[in-house]
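Each reported figure results from applying straightforward, stated rules to the coordinates on display, with no laboratory input. This structure is a prediction, so every number in the text was calculated from the model and none was measured. For neighbour counting, all protein chains shown are included, and Cβ atoms are generated from backbone atoms with ideal geometry for every residue, glycine included.
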């Protein structure tokens, strides 16, 4: 057997109160399953490190497996545990393309923590069963873009749909400024998305970019961004084109869902979910995964699961895709549900 230990990110424990390492163990189990790596005895261990998750594998981890595991939300460093408990530091190759600063610069009220966003992306990549060489990540309620930036960092193509046009403009401004300041090769353009009889549905902002000129020439990453209602996202996003969706359902506390025919903010996450799922399903490829976070105080996992199943999704109802509930503050008890398009 080969034994390893991941040193937890020092900021991670403060994010999810007392459940950070428990959640990270589930995330790692999902990632190992996606890599077809058999892992044993995974859990928190006292190894003379501030906070660590240890695990064992039958075969040594390959360089690619180490690289992918280093993308876990808990990751700060990884060691091989040698005889007598000695720790041998390992140096995985970088897992991403763009630097993490892309997702760390912006700070605003209501922003989903980048580490939690990364956890959801990892769950989506693990649950996704499409054959795409380069996967496309979509956030159908993308807010100010945290999930989109995480996708670009991970080397994915990304699609964002957001009903708040002001936030869409802020994303455009930020990403162009970031790419210019970093001197990353990029090209932008705008298109129109139209419906029946040529009726305009949304403007589409498109960015092709890459970490280097060579990468841009070979295979640039792509971002598409549209100001539209998530419930009609299949009318502005190509059907059967998305490998995974990652999003936060409005928590019903601070944020809300804007009705297409009413400027008032709806307070029913379940109603929004039921209305949006048909469009989400149309956008996803067969085998594509949805990872959705929500507030247990306004929506229960069972209710969300029933909505997904009624829409024809297969809900991941077993470990490691359940058990993520954790306290964010006194009004938000956050949980995750994972489902796959059959």
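Based on DSSP H runs of at least 4 residues, each adding -39500 (n - 2.57), what is the mean residue ellipticity at 222 nm of the chain after dividing by all its residues, to the nearest 500 deg cm²/dmol? Walk me through the intermediate numbers first.
Numbers: 9 runs with 96 residues, N = 342.
Counting only the DSSP helices, I get -8500 deg cm²/dmol.
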ask   = Of all the C-alpha pairs in the range 1-155, what % are more than 17 Å from each other?
value = 63 percent
message = Take residue 218 and residue 189, extend 7 Å from each Cα along the Cα→Cβ direction, and tell me the distance between the two endpoints in nm.
response = 2.4 nm
message = Apply the a/c threshold of 1.5 to the C-alpha gyration tensor of the range 133-239 and tell me whether it is rounded, prolate or oblate.
response = prolate
key: Principal axis dimensions, the range 177-228 - Cα atoms, whole angstrom, descending   = 42, 23, 13
query = At q = 0.08, 0.14 Å⁻¹, what is the log10 ratio I(q)/I(0) for the chain, with the Debye formula run over Cα points and no solvent?
reply = -0.38, -1.17
Label-point separation in nm, residue 318 to residue 105, each point 7 Å along Cα→Cβ = 4.5 nm
ask   = Label points 7 Å out from Cα along the Cβ direction at residue 44 and residue 64: separation in nm?
value = 3.4 nm
Cα pair distances of the range 2-90 binned at 10 Å [whole percent] = 17, 57, 25, 1
request  = Compute the FRET efficiency between residue 177 and residue 84 as 1/(1 + (r/R0)^6), taking r as their Cβ-Cβ distance and R0 = 51 Å, and round to the nearest 0.05.
outcome  = 0.50
message = Against the empirical 2.2 N^0.38 Å scaling, what ratio does the C-alpha Rg of the range 157-203 come to?
response = 1.40
ask   = What number, in percent, do you get for the relative contact order of the chain if the mean sequence gap of Cα pairs under 8 Å and at least 6 apart is divided by its residue count?
value = 16 percent
